[in-house]
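Worksheet for the structure shown next.
Each reported figure results from applying straightforward, stated rules to the coordinates on display, with no laboratory input. This one's a predicted model, so the numbers in the text were calculated from it and none came from an experiment. All Cβ positions, even for glycine, are placed from backbone atoms using ideal geometry, and neighbour counts span all protein chains on display.
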Amino acid sequence: MRLWVVCCLLLASGCATVDADPRDPFEGMNRGVFAFNDSFDRTIATPIARTYRGALHPEIRDRVRNFFSNLADPLIGVNNLLQGKFEDGFFDWVRFGFNTTIGLLGVHDVASDMGYEKHNEDFGQTFGWWGAPPGPYLVLPFLGSSDVRDGLGTGVDFYVDPMRLIEPDGLRYSLWALRFTNVRADLLDASRLLEEAALDRYVFLRDAYLQRRRSLIYDGRPPREREPESRAGVNVARRPRVDTIGENEAEKGLP
Amino acid sequence: MTRVFLLLLAAALAAAAPARAADMPPDVLVKSVTLEVVDLISKDKEIRSGNRAKLIGLINDKVLPHFNFTSMTALAMGQNWNKATPEQKKRLTDEFKTLLVRTYASALAAYSDQKFDFRPLRARPNDTDVTVNVRVLQPGTQPVPIDYSMEKTAGGWKVYDVMVGGVSLVANYRTEFANVVRESGIDGLIRSLNNKNRALEGAQEKK
């Protein structure tokens with residue numbers, strides 16, 4: 001289903017706007033989906049998340065987060081293996097082993113206390129690690145910021161998610177609802193920050209998403225990016241040496 | 001007994017010669033400022049119960065002196081910085097500073113309870129541009145890295161960018177700023193930053 005959405009978006013290149021950011025040729029359509037997601041978020045998701053956060057002690061929300069985090073560790077391990085990071089992948093499975101047993105089905109993250117650190121991997125990052133470019137930026141209905149590569153990655157993530165095996169249906173749907181509610185509740189502070197910090201939330205969120213994914217693919221150590229404004233390798237935008245306003249005047253004629 | 005004596009000696013020395021920020025290595029500076037601010041917040045009932053003005057005052061006193069806002073604004077403006085007059089530069093810097101401090105205050109209010117992991121500095125002794133890595137530890141998620149880009153100035157080490165989870169704050173404003181400048185010029189950007197700041201101020205007074 002989600003793959004279909006991505007494919008349709010790929011075909012919809014006709015609606016590319018003029019004078020757009022080269023990373024975001026579908027900005028017009030993306031802003032439409034963004035507005036839809038936003039109204040869904042304001043009227044439904046945020047109120048539920050607030051109620052949830054108000055009703056449950058932080059300690060209990062930690063347990064819920066740990067439980068779902070543990071379910072994700074085996075596939076994080078698989079992704080690390082697919083990226084050739086065998087040691088990290090092995091320890092993701094060690095985490096799953098300890099947390100599922102001693103940690104009582106994952107509600108206690110005992111592995112982190114033992115020094116086995118949690119990793120952040122998914123199929124979008126694996127595709128990126130293999131060299132797939134992000135492609136155009138996309139806003140997916142309900143799921144939010146993505147791009148073509150990560151959209152396909154998210155499709156694979158969902159397809160192989162162990163939560164799909166849970167029976168009966170009622171239990172599985174309830175767990176999905178709990179998982180999303182917990183994630184949204186964790187993001188309440190962040191979304192308020194976004195509201196305060198951004199002049200244009202769409203642009204701010206898009207740029208943050210693209211920067212964040214790039215950083216994740218390089219596991220937090222991306223090479224420095226050349227600025228689009230800079231010319232012929234002279235990186236003007238990144239590092240103008242300014243200590244006072246007056247001093248910079250001298251540079252005015254330079255670039 | 002010797003340990004007690006040594007501790008007393010250390011305390012006496014610390015009191016007699018408080019390390020000046022200008023002499024501190026960048027990683028020590030980040031650690032001491034972070035711990036001091038988090039400690040002050042945890043002891044202050046008014047800030048904990050949501051007194052945003054007091055928190056902003058605390059940030060102005062303790063954190064601001066270690067930031068180079070002119071550098072930050074210049075980086076966020078990119079090439080448009082050189083098109084601005086000195087007066088515009090000053091106003092841009094002031095408005096951007098107000099916005100960043102307010103955002104920083106909200107972030108601190110939300111996350112000051114977390115545990116911090118201060119990473120050892122990886123730099124050569126005579127480097128003048130370094131990155132100080134701190135990580136925020138939360139149960140059930142990967143630690144969130146906070147990287148401070150710092151440069152050495154006559155007045156000590158100053159922060160010119162903050163990266164949270166791989167997202168550079170300064171780079172993230174670059175597209176927004178460029179868009180506004182393209183549509184309504186540098187004065188338009190000053191206006192929209194000013195409107196934003198006043199709207200936030202109004203919203204907080206209402207609370």
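Taking chain B as a Gaussian network of alpha-carbon nodes connected by springs under 10 Å, the highest mean-square fluctuation of the residues B:GLU151, B:GLU95, B:GLU36 belongs to B:GLU36. For the pair B:ASP44 and A:PHE180, a Förster radius of 60 Å applied to the C-beta separation gives a FRET efficiency near 0.95, rounded to the nearest 0.05.
Look at the stretch B:74-80: the mean tally of other chain Cβ atoms within 10 Å of its residues' Cβ atoms is 5. Residue-normalised convex hull volume from the C-alpha trace of the range A:120-162: 73 Å³ per residue.
Restricting the calculation to alpha carbons of the range A:83-138 gives Rg and Dmax of 14.6, 44 angstrom. A Förster distance of 22 Å, applied to the separation of the beta-carbon atoms of A:ASP169 and A:PHE142, puts the FRET efficiency at 0.65.
How high is the FRET efficiency from B:SER32 to B:THR141, r the C-beta distance, R0 30 Å, rounded to 0.05? Computed FRET efficiency for B:SER32 and B:THR141 comes out at 0.65. Apply the a/c threshold of 1.5 to the C-alpha gyration tensor of the range A:142-193 and tell me whether it is rounded, prolate or oblate. It is oblate, given that a/c is not under 1.5 and a/b is not larger than b/c.
Dividing the summed helix terms, -39500 (n - 2.57) for each DSSP H run of n ≥ 4, by the number of residues in chain B produces a 222 nm estimate of -19500 deg cm²/dmol to the nearest 500.
Taking every residue in A:201-207 and counting other chain Cβ atoms within 10 Å of its Cβ, the average works out to 4. Using only Cα positions of the range A:36-96, each an equal point scatterer, no hydration layer, compute I(q)/I(0) via Debye at q = 0.28 Å⁻¹ and quote the log10 values to two decimals. Log10 of I(q)/I(0), two decimals: -1.00. Which of the pairs B:LYS62/B:LYS115; B:LYS31/B:LYS62; B:LYS54/B:LYS90; A:LYS85/B:LYS115 have their Cα atoms more than 18 Å apart in this structure? Correct reply: B:LYS62/B:LYS115; B:LYS54/B:LYS90; A:LYS85/B:LYS115.
Length gain on complete extension for the stretch B:LYS83 to B:ASP61, per 0.36 nm per residue less the alpha carbon to alpha carbon distance?
4.7 nm
Largest first, the extents of the alpha carbon coordinates of the range B:28-109 on the three principal axes equal 46, 28, 17 Å. Kirkwood analysis of chain B, using all unique Cα-Cα pairs, places the hydrodynamic radius at 19.0 Å.
The mean number of partner chain beta-carbon atoms within 10 angstrom of a residue's beta-carbon across peptide A:185-197 is 4.
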